[in-house]
Amino acid sequence: MTLAATDTLYVALAFYALGTIAALGSLFTKVKRLQHYGLLMMIAGFVAHTGWIGTICTRTGHPPITNLPEATAFVGWVVFAVELALWIRYRVYAASFFVYPLVLLLLTISAVAGEQFAPLNPGLRSNVFTAHLLLTTIGVAGMLIGVAFGSLAFIQDRALKEKRRGRFWEWIPSLDVCKRVSYHALAIGFSIYTAGLLAGILWSYRTTAGLMELRVKQVGAMVAWVLFAVLLKQYIAGEFRRKRTVLLSACAFVAVLVAILGISR
Amino acid sequence: MPLILVGLNHRTAPVEVRERLGVADSKLPETTSALRSIEGVDGAAVLSTCNRVEAIVSTRDEDSIEAIVDWLAETASTQRAELEKHLYILRHGDVVRHLFRVASGLDSMIVGEPQIGGQVRKAFITALDLGTLDSVLTQLYEQTMRVAKRVRTDTGIGEHAVSVPYAAIELAKKIFGDLRGLQVLLLGAGDMGELTAEHLHQQEVKQVFVANRSFERAQELARRFDGAAVQFDRLDDYLAGCDIVIASTAAPHYVVEPQHVERALDARKRRNLFLIDLAVPRNIHPAVGRIDGAYLYNVDDLQQVADANLTQRQQKATAAEQIVTREVDAFRKRLVAQDAVPTILELQQRLEQIRAAELEKCLRNVGPMTAAQRAAIEMFSTQMINKILHYPILQLKYMSDEPQERESLRRTIRKIFGLR
């Protein structure tokens, strides 16, 4: 049975695609109702997505984070869960323009990867390893949300400075909210991610007596950690307005994607 | 039940006429009761704002219009002929459309202004409390409020400010979100600055500090905003502690220079600072706008924001009109269908009586039969009656919204089927 052959995955994909189209449609048509429909579609997709995550756990007997389709499905799930929590708290629609396509992309990768359900290698059956996978995944989701809100803060700052309303003006919350959410998401996400990496190093040390191997995912994860550390320092210094901060965010985002895509390599 | 609206507004009557007819809040119940007591009027409400006065009634016959115009002339203490030049008289579906548009802000002087929704609600609530609303006006009121809410939610027509002080507040909200807990520094005592500070005070900012060359004037203004007067030469100290600065002095030079703002932002740990320069000549050096964390808007910038918002509202009005048109049609159909219910019921009862009587006769003549045979005959007679009634009921349900045409159709159907 391949991962791509399960109905709930396709149902989730279909709803996510509709939700993303509706959200992007509202951006261009300025019809607010489309945003509501988009959110409802995404929530329906999230329910199916949750079913899919449950299916993986039931069939493999472990959290869905051991190969590429499992990891992308789980990261996408956590990203949307955090986005939903933030929407409930701040009613921010603008982040959906970034987050919905990201969630759709992650789940699409999960679907097209078509890898087999991975029975867990006995060597990986360890609480430290599970903690490593869960913490890094949740940390990545937090940091991606931080980058999304950081981008919104940058856009809002430019619009206010240049006295020119862009397409996002109506959808973006206040500058203070964007700054606060991006900083908190980055700070919390980074701390969890760091704890996850440390757990990974510890597990690697225990099993191979070495700190870590230097494969794609490890290099990607370490590069992402360094970039996010610098990014966090920029935020603490109040330099989210600088173009180099935005560039750094983009690089950190790519590094995270490389780490996720390289999970099986 | 015919609906009638007689009134005048800012487009049909000058302020001298509107103020004579305007009804003070305290007089609204008395005026509404007086309108209801006019012969032929079954339900009444009075809408009175600074831009319009309208008598909304449901009535048995349209002759009441003359009496309503007389009553309005008497209320305004003016000649009927003089008042009639400014009045508009709307009937039936036009009343529904007009009220939907008024409550949605589409008929306002500034399109989309939000206060009118509350004023319409107040007019109908007053009438409801007095018991002067009949079932038609009650439904009209409920639907009007629903439509107004839908228009505002779906189009966002009233979301953005169209005046300079409100544009400043809208921008402050885009920077800080919630304005409660913020500190405001008002420099000078210019009218526009005072007005903006007043609006900010209404938004429940934490504190308003007033600095003016004349300390007495500063104290006087500070009292209005429950704030504090400060010495002008302590500008640096207060600039660091305040989140919003409004400059509105008569000084012919810059009062706030970039170095002031740099120092303030350092002291504030680079927390955002919103500077509003409403003075001409300007009081805040334009280079301040280039400092990270400082957002500077002068009076022209704010006017541009207000103008852009107004243009946007006008664009949104097109979508709002489409919603109103759909809602008017739906409401009209509902009213017409309700109006037809008594006749439809009577028609069904009458034909059922005929069917039952004729069936009884038929069964007596035929003699003994099985239960299945009897059921088949009963079903046949019921289906035949339903088929006969189908088109008359359809006609009654989808009649014209003109009461006279409806009455004429009703009378014809009653005559054909021998209803009393």
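The values are calculated or read from the model by the stated rules, or taken from the named source; none is laboratory data. Bear in mind the structure is a predicted one, so any value in this text is a computation, not a measurement. Cβ sites come from the backbone with ideal geometry, for glycine too, and all protein chains shown count toward neighbours. In case anyone asks, the SASA skips ligands and DNA or RNA and just uses the protein heavy atoms, side chains included. Shrake-Rupley method; radii C 1.70, N 1.55, O 1.52, S 1.80 Å.
How would you classify the range B:331-416 from its alpha-carbon gyration tensor, with a ≥ b ≥ c the square roots of the eigenvalues: rounded for a/c under 1.5, else prolate if a/b is greater than b/c, otherwise oblate?
Values: a/c = 4.18, a/b = 2.84, b/c = 1.47.
Prolate shape, in that a/c is at least 1.5 and a/b is the bigger ratio.
First check a/c for the range B:103-211, with a ≥ b ≥ c the square roots of the eigenvalues of its C-alpha gyration tensor; if it is under 1.5, answer rounded, and if not, answer prolate when a/b is larger than b/c or oblate otherwise.
Numbers: a/c = 2.87, a/b = 2.32, b/c = 1.24.
Because a/c hits 1.5 or more and a/b exceeds b/c, the range B:103-211 counts as prolate.
Report the antiparallel proportion of the DSSP beta bridges in the protein assembly as shown as a percent, rounded to a multiple of 5. Mind showing how you got there, number by number?
Numbers: 19 of 41 bridges.
Of all bridge pairs located within the protein assembly as shown, approximately 45 percent are antiparallel.
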Quiz prompt | Net charge dipole size for chain A [Lys, Arg +1 and Asp, Glu -1 on Cβ; Debye, nearest 20] | solution = 960
Exercise. Post the alpha-carbon centroid distance, the range A:217-265 to the range A:82-102, in whole angstrom.
Key: 20
Exercise. Go ahead and estimate [θ] at 222 nm for chain B from helices alone: -39,500 (n - 2.57) per DSSP H run with n ≥ 4, summed, over the residue count, rounded to 500.
Key: -19000 deg cm²/dmol
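What is the Rg over Rh value, at two decimals, for the protein assembly as shown, using alpha-carbon atoms and the Kirkwood definition of Rh?
Values: Rg = 34.9 Å, Rh = 31.1 Å.
My calculation of the ratio gives 1.12.
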Quiz prompt | Gained length - B:GLU19 relative to B:ARG268, 0.36 nm times residue gap less alpha-carbon distance | solution = 84.5 nm
Exercise. Measure off 7 Å from each Cα along the Cα-to-Cβ vector at B:GLU84 and B:GLU346, then give the distance between these two points in nanometres to one decimal.
Key: 3.7
Quiz item: In whole Å, how far is the Cα centre of the range B:267-281 from that of the range A:31-64?
Solution: 45
Quiz item: About its Cα centre, what dipole magnitude does the range B:164-301 give when the only charges are +1 on Lys and Arg Cβ and -1 on Asp and Glu Cβ, stated in debye to the nearest 20?
Solution: 300
Quiz item: So what is Rg over Rh here for the range B:171-330, counting just Cα atoms and using Kirkwood for Rh?
Solution: 1.09
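For peptide B:164-176, what's the mean number of Cβ atoms from other chains within 10 Å of each residue's Cβ?
Values: counts 0, 0, 0, 0, 0, 0, 0, 2, 1, 3, 10, 6, 4.
Partner Cβ neighbours, averaged per residue: 2.
How would you classify chain A from its alpha-carbon gyration tensor, with a ≥ b ≥ c the square roots of the eigenvalues: rounded for a/c under 1.5, else prolate if a/b is greater than b/c, otherwise oblate? The partial results should precede the final answer.
Details: a/c = 2.45, a/b = 1.29, b/c = 1.89.
Verdict is oblate for chain A.
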Quiz item: Between chains B and A, what is the buried accessible area in Å², counting both sides, with a 1.4 Å probe and ligands, DNA and RNA left out, to the nearest 100?
Solution: 1900
Quiz item: Rounded to the nearest 0.05, what FRET efficiency do B:ILE388 and A:CYS251 have when you use their Cβ-Cβ distance and R0 = 56 Å?
Solution: 0.10
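Go through B:295-304, B:273-282, B:386-395 and give me the packing order, highest mean Cβ count within 10 Å leading.
Numbers: B:295-304: 19.4, B:273-282: 22.9, B:386-395: 13.2.
In descending order of packing, they fall as B:273-282, B:295-304, B:386-395.
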Exercise. Give me the number: length gained by fully extending A:ALA14 to A:ARG158, i.e. 0.36 nm times residue separation minus the C-alpha to C-alpha distance, one decimal in nm.
Key: 48.3 nm
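What FRET efficiency comes out for A:LEU40 versus B:ALA357 if R0 is 56 angstrom and r is the Cβ-Cβ distance? Round to the nearest 0.05. Can you show the working numbers first?
Values: r = 56 Å, r/R0 = 1.01.
After rounding, the FRET efficiency stands at 0.50.
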Quiz item: What is the average number of partner chain Cβ atoms found within 10 Å of a Cβ in A:162-169?
Solution: 3
Self-check item: Spatial separation of Cα centroids for the range B:17-75 and the range A:141-187, in angstrom
Solution: 52
Quiz item: Going down the list B:LYS333/B:LYS415; B:LYS27/B:LYS333; B:LYS27/B:LYS173; A:LYS30/A:LYS163; A:LYS243/B:LYS206; B:LYS387/B:LYS415, which pairs span over 27 Å between their C-alpha atoms?
Solution: B:LYS27/B:LYS333; B:LYS27/B:LYS173; A:LYS243/B:LYS206
Quiz item: By how many nm would the segment from B:GLU30 to B:VAL366 lengthen if fully extended, with 0.36 nm per residue of separation less the alpha-carbon distance?
Solution: 114.0 nm
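Taking 30 Å as R0, compute the FRET efficiency from the Cβ-Cβ separation of A:PHE28 and B:ALA250 and round it to 0.05. Working shown, then result.
Details: r = 47 Å, r/R0 = 1.57.
Efficiency, from the Cβ-Cβ distance: 0.05.
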Practice problem: With label points built 7 Å along Cα→Cβ from the Cα atoms of B:THR325 and A:VAL219, find their separation and express it in nm. | Solution: 6.3
Quiz item: Between B:ASN298, B:ALA375, A:ALA81, whose Cα lies farthest towards the positive end of the dipole of the protein assembly as shown when Lys and Arg beta carbons carry +1 and Asp and Glu beta carbons carry -1, centred on the Cα centre?
Solution: A:ALA81
Quiz item: Using a basic spin-label model with each label point 7 Å from the Cα along Cα→Cβ, how many nm lie between A:ILE236 and B:ALA308?
Solution: 3.6
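Using the crude model of +1 on Lys and Arg Cβ and -1 on Asp and Glu Cβ, and no other charge, please compute the dipole size for chain B relative to its Cα centre, in debye to 20. Working shown, then result.
Details: 53 positive and 57 negative charges, 354 e Å.
Magnitude of the dipole: close to 1700 debye.
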Exercise. Might you work out the accessible area of A:MET41 for me, using a 1.4 Å probe with all protein chains in place, and round it to the nearest 10 Å²?
Key: 60
